[in-house]
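Chemist: Just passing along the structure, written as C-alpha cells.
The values are calculated or read from the model by the stated rules, or taken from the named source; none is laboratory data. Note that the coordinates shown come from a computational prediction; the quantities given were computed from them, not determined experimentally. Virtual Cβ from ideal backbone geometry, glycine too; neighbours counted across all protein chains shown.
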C-alpha cells in the first residue's frame, strides 16, 4: 500500500443547493454521465481514477467530462495528496449537494432534457398520495405533467433559501428537508388556489 507522505488541507464543505437557471450550465448537464459524476462527488471526494472505475469509463473519457465540469465551476478540488516519489493525487468534490433545475428560465430545447426527471418525481409523489388515501387524484397524463411543473417550481422556490447554506458531503438530509418542505407547501395550498393556476389535479378530500 502506498503511504501518503504529504497532504494539503482538505475541504469537505459544499453548497447545499445550486439552482441551474443558466442555459450554458444546463446544456453542460444535459449529458447524463456528467450528472452521474456530480452524484458521486456529492457523496465523497474522489480522484479521477476512482470515478472512472466506478462509472466504467476510460481515463480519457472521465478527464474530458471533468474538464468541462470544472470549466463551469460545477466541481472543485477538495484536496491534493502527495504520495511517495512526488506522485500527486487530486480529489474532487461537487460544487453543490443538490442541483435544482429552474425549467422556466431555460430554453425549451434544453429544459426538455430534464423534464423526464421532473415527471418521474411527480409520479412518485402522486403515488404516495394515493397510497396514503389522502386525496382522490385524477390519474391522467395531464395530471402528471401539470403536477410535475408545479412541483418543479415549488422546489426552485424552496431551494432559493438554501443557496448560501454550506453542508458536508453525504449530508443527504438536506435533500429530504427541501423536498419535504416543497411537498408540504403544495399540500397546504387551498384547492381553489390550485385550480386557479390551472393545475390539472382533481383533489378531493376523502374525509
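Chemist: Does residue 114 satisfy being out of contact with any strand residue (DSSP E or B) (no Cβ under 9 Å at 6 or more places or on another chain), surrounded by 13 or more Cβ atoms within 10 Å (Cβ to Cβ) and not assigned by TED's automatic domain parsing to the domain that holds residue 21? Before you say what the answer is, go through the steps one by one.
Modeler: Details: out of contact with any strand residue (DSSP E or B) (no Cβ under 9 Å at 6 or more places or on another chain): no; surrounded by 13 or more Cβ atoms within 10 Å (Cβ to Cβ): yes; not assigned by TED's automatic domain parsing to the domain that holds residue 21: yes.
Answer is no for this residue.
Chemist: So which of 145, 133 ends up being farther than 25 Å from residue 74 by Cα and either at pLDDT 95 or above or not in a helix (DSSP H, G or I) (or both)? Even if it seems obvious, please write down each step before you answer.
Modeler: Values: 145 fails: either at pLDDT 95 or above or not in a helix (DSSP H, G or I) (or both).
Criteria check complete, one pass: 133.
Chemist: Continuing with this model, one more query. Identify the residue in region 77-89 that is crowded, with 16+ Cβ neighbours inside 10 Å and at pLDDT 90 or above and, among all such residues, is farthest from residue 26 (Cα to Cα).
Modeler: The initial filter retains those residues of region 77-89 that are crowded, with 16+ Cβ neighbours inside 10 Å, namely 78-79, 81, 89.
Those left that are additionally at pLDDT 90 or above: 78-79, 89.
Details: 78: 23, 79: 27, 89: 29 Å.
Residue satisfying both the conditions and the ranking: 89.
Residues are listed down the side, and each one gets a yes or a no for (1) within 24 Å of residue 159 (Cα to Cα); (2) at pLDDT 95 or above; (3) buried (at least 19 other Cβ atoms within 10 Å of the Cβ):
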| position | (1), (2), (3) |
| --- | --- |
| 18 | yes, yes, yes |
| 27 | yes, yes, no |
| 31 | yes, yes, no |
| 38 | yes, yes, yes |
| 41 | yes, yes, yes |
| 47 | no, yes, no |
| 52 | no, yes, yes |
| 59 | no, yes, no |
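Chemist: If you don't mind, another one. Which residues, taken from region 37-57, are assigned to a loop (DSSP other than H, G, I, E, B) and closer than 24 Å to residue 13 by Cβ?
Modeler: Of the residues in region 37-57, the ones assigned to a loop (DSSP other than H, G, I, E, B) are 44-45, 47, 56-57.
Answer for region 37-57, where residues must be assigned to a loop (DSSP other than H, G, I, E, B) and closer than 24 Å to residue 13 by Cβ: 44, 45, 47.
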